[in-house]
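Okay, structure first, notes after.
The values are calculated or read from the model by the stated rules, or taken from the named source; none is laboratory data. Bear in mind that the values here come from a model prediction, so they are computed numbers and not experimental data. Because the Cβ atoms are built from the backbone with ideal geometry, glycine has one as well, and the counts that use them run over all protein chains shown. Only protein heavy atoms, including side chains, enter the accessible area calculation; ligands, DNA and RNA are left aside. Shrake-Rupley method; radii C 1.70, N 1.55, O 1.52, S 1.80 Å.
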Amino acid sequence: MSYPAVPVQPAAPRLVRFGILGCADIARKVSRALLMLPPGAATVAAVGSRSEDKARRFIAETGLPAARPHGSYESLLGDPDVEAVYLPLPTSLHVPWATAAAARGKHLLLEKPTALCAADLDAILAACDASGVQFMDTTMWIHNPRTAKMREIVADKDAFGDVRVIHSMCGFRASEYFLQNDIRVKPDLDALGVLGDVGWYSIRSILWAVEYELPETVIAHRHPVKNQAGVILACGATLYWADGKTATFNCSFLTNLAFDVTVYGTHGTLHVTDLVIPYEEKYGEFSVASKSNFVKPTIGWDPLPSKHVVTTDLPQEALMVQEFSRLVQNIRDAGGRPEGKWPAITRKTQVVLDAVKASIDKGSEPVEVAS
């Protein structure tokens, strides 16, 4: 007597075990994202701080009871149960701890700005490459499905044409306490100031719009605002491409909250007002105008811009961690190689940021962007 074969169920994917290296406020957002992931994606195995008590408090306050506390960063990196590290330390500490994590074979999810300069980032990426570990920065909006939908529209040559001009404004009104005490205004911790913080998003949004084609030249706007320690609180720049494309951006700790990006093509215009952090975490809008013309005798527009709405089951930070975990699982379980797209676009963002900073330091002289 024969019996039908029992189908073999594929094994459930093994969780990616994260260690959180540092208890910064942004780490609470990423911890929440990890808790939102579907089964089989990831878990927090450990939290490391400069004191074990602080690590214990972070674990209790963020609802991570299964995580082990470590009283030093080195102790967390030595934890054999940790296979991926999320690193939200001040930028000045990224090189030593990111390279140490990679050297221990830990996949690296690194908070932005990733480094103080491209040379420092190159040291981090070289360490990741040498150990065969995945690298990704934490530009969360890139993982939002709204971003993918906007890419479809900008790539439509008939409806949108060629990108010619981009404007980006990212800023928020920092409190007086922030302006005196936050690490982002301290030259020994995050010396890039606003340029490295929300300026990173402005630069990334511009590069995203042109499919990461580097500009030829950058000129910083005159009179950036700095604090007494010389850290930038507000600045801007214009980027130039050889084919005539231009982009301008401003970033500020001194304006009302804004994450506004407009992309102008030869046939279309795309405008999003909440790019970096959507007004609602599972719902995002943007508007598109295409082949716009006047209603004669110049009394209106035809056609009117259209509103597009994109929804998501998971917020963008959870989608970021989910994608990073998928890449780690592919390397660990299927013999895959690290995805090179992520370090490549991080480096391009850093290279442009370096050029803007150099132009600021040179009194708004033009600076060529290194390839």
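General observations
- Computed P(r) (all Cα pairs; the stretch 298-371; 10 Å bins; percent): 14, 21, 21, 26, 16, 2, 0
- Counted over the stretch 50-120 with a bin width of 10 Å, the fraction of Cα pairs per bin, in whole percents, is 19, 48, 29, 4.
- Solvent-accessible area, 1.4 Å probe, carbon plus sulfur percent, for the stretch 263-360: 54 percent
- Global form of the stretch 213-313, assessed from the alpha-carbon gyration tensor, a/c cut-off 1.5: oblate
- Using the alpha-carbon positions of the stretch 93-191, Rg (one decimal) and Dmax (whole number) come out as 18.2, 50 Å.
- Between GLU280 and ASN330, the contour length at 0.36 nm per residue exceeds the Cα-Cα span by 14.8 nm.
- With q set to 0.06, 0.07, 0.11, 0.12 Å⁻¹, the log10 of I(q)/I(0) for the chain, from the Debye formula over equal scatterers at the Cα positions, is -0.25, -0.34, -0.80, -0.94.
- Taking only the Cα atoms of the stretch 142-289, the ratio Rg/Rh comes out at 1.00, with Rh defined as the Kirkwood radius.
- A 1.4 Å probe run over the chain, with the rest of the protein chains in place, finds 46 Å² accessible per residue.
- Shape of the stretch 247-371, Cα gyration tensor, a/c cut at 1.5: oblate
- In the stretch 19-65, the alpha-carbon atoms span a convex hull of 65 Å³ per residue.
- Net length available on complete extension from VAL295 to GLU152 is 48.7 nm, with 0.36 nm assigned per residue and the Cα-Cα distance removed.
- Rounded to the nearest 20 debye, the dipole magnitude of the chain is 360 debye, with +1 charges on Lys and Arg beta carbons, -1 on Asp and Glu beta carbons, and the Cα centre as origin.
- Hydrodynamic radius by Kirkwood, which averages 1/r over all alpha carbon pairs of the stretch 1-123, in angstrom: 15.5 Å
- The alpha carbon gyration tensor of the stretch 219-277 gives principal lengths a ≥ b ≥ c with a/c of 1.5 or higher and a/b no greater than b/c, which makes the shape oblate.
- Sequence-separation-based contact order of the chain, relative, with Cα cut under 8 Å and 6+ spacing, percent: 18 percent
- Furthest towards positive pole of dipole, PRO65, ALA220, ASN256, structure part the chain, Cβ charges: PRO65
- Here the accessible area is traced with a 1.4 Å probe on the protein chains. For the stretch 112-173, carbon and sulfur cover 55 percent of it.
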